[in-house]
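Step one of this worksheet: look at the structure below.
The values are calculated or read from the model by the stated rules, or taken from the named source; none is laboratory data. Given the structure is predicted, the values throughout are model-derived calculations rather than measurements. Glycine gets a Cβ as well: all are built from the backbone with ideal geometry, and neighbour counts include every protein chain shown. Protein only, heavy atoms only, side chains kept; ligands, DNA and RNA dropped before computing areas. Shrake-Rupley method; radii C 1.70, N 1.55, O 1.52, S 1.80 Å.
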Amino acid sequence: DSVEKADYFDKILEEEMHRQHDGRKKHQNPGGLQNKSSQSTSHPKQKLPSCLQARNDTIAKSSYRKLPTPYINLGFPKMGTSTLHSFFECGGYKSTHFRCSMSMSCAKCTSQSVLHGFPPLKECIDERPSDVFAQLDNGTYFPQLELLDEFVEGYPEATFFLTFRDMEKWYHSISHWPPRKKGPH
């Protein structure tokens with residue numbers, strides 16, 4: 001059931017956001033024993049794709065809530081944008097990565113939206129409704145940075161991500177990534 005899958009995905013996403021936001025440290029007790037409250041006990045009965053499998057439950061069920069859409073990645077290209085896109089698609093969300101429609105990049109439709117006096121994603125969503133915008137830039141224009149105020153003003157309830165990667169690995173990846181004739185975009 002896609003609703004159950006999306007709810008479980010939201011739980012995992014919330015767990016990861018809490019983990020990153022709080023900077024939680026893994027607590028180990030002497031002898032490596034886990035108490036029952038930290039053990040994973042609540043997984044759906046059906047088998048979910050591995051991208052949605054929680055390692056363990058670390059957040060009380062009473063804390064679960066759905067993070068508001070749209071989900072907007074503010075990170076640079078080659079900082080996990082494809083992985084973020086695949087993760088959300090696996091969770092049953094409509095996700096875009098670089099192209100917001102067959103004929104238009106997300107960079108172009110965001111700039112056109114603002115030019116026409118709309119919030120940045122207006123013309124993108126009109127072309128192709130999406131919950132997730134994993135990569136908005138085109139490699140030369142970065143609307144997630146240049147239009148940041150417009151994104152915050154236009155989507156005050158949105159969930160914003162800032163993906164990050166080890167700088168040496170990122171530099172290696174970006175320097176070996178010229179746009180190719182047949183893809184990836």
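Numerical summary
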{"quantity": "Residues of segment 119-151 classified as closer than 18 Å to residue 84 by Cα, in contact (Cβ under 8 Å) with a residue 60 or more places away in the chain, of a type outside the set (Gly, Ala, Ser) and touching a strand residue (DSSP E or B) at 6+ places or on another chain (Cβ under 8 Å), total", "calculated": "6"}
{"quantity": "Residue ID - least open to solvent (accessible area, probe 1.4 Å), chosen from residues in segment 116-130 that are within 15 Å of residue 69 (Cα to Cα) and in a helix (DSSP H, G or I)", "calculated": "124"}
{"quantity": "Residue 162 being farther than 17 Å from residue 99 by Cα, of a type in the set (A, V, I, L, M, F, W, C) and over 17 Å from the mean Cα position of the chain (by Cα)", "calculated": "no"}
{"quantity": "Among residues of segment 65-88, those that are assigned to a loop (DSSP other than H, G, I, E, B) and open to solvent by 70 Å² or more (accessible area, probe 1.4 Å), counted", "calculated": "3"}
{"quantity": "Evaluation of residue 160 against (1) assigned to a helix (DSSP H, G or I); (2) in contact with a strand residue (DSSP E or B) (Cβ under 9 Å, 6 or more places away or on another chain); (3) open to solvent by 20 Å² or more (accessible area, probe 1.4 Å) (one fails), failing number", "calculated": "(1)"}
{"quantity": "Residue within segment 107-127 that is farther than 21 Å from residue 161 by Cα, modelled with pLDDT under 85 and not polar (S, T, N, Q) present", "calculated": "yes"}
{"quantity": "Matching residues, segment 89-115, being in contact with a helix residue (DSSP H, G or I) (Cβ under 6 Å, 6 or more places away or on another chain), more than 19 Å from residue 145 (Cα to Cα) and not in a loop (DSSP other than H, G, I, E, B)", "calculated": "90, 95"}
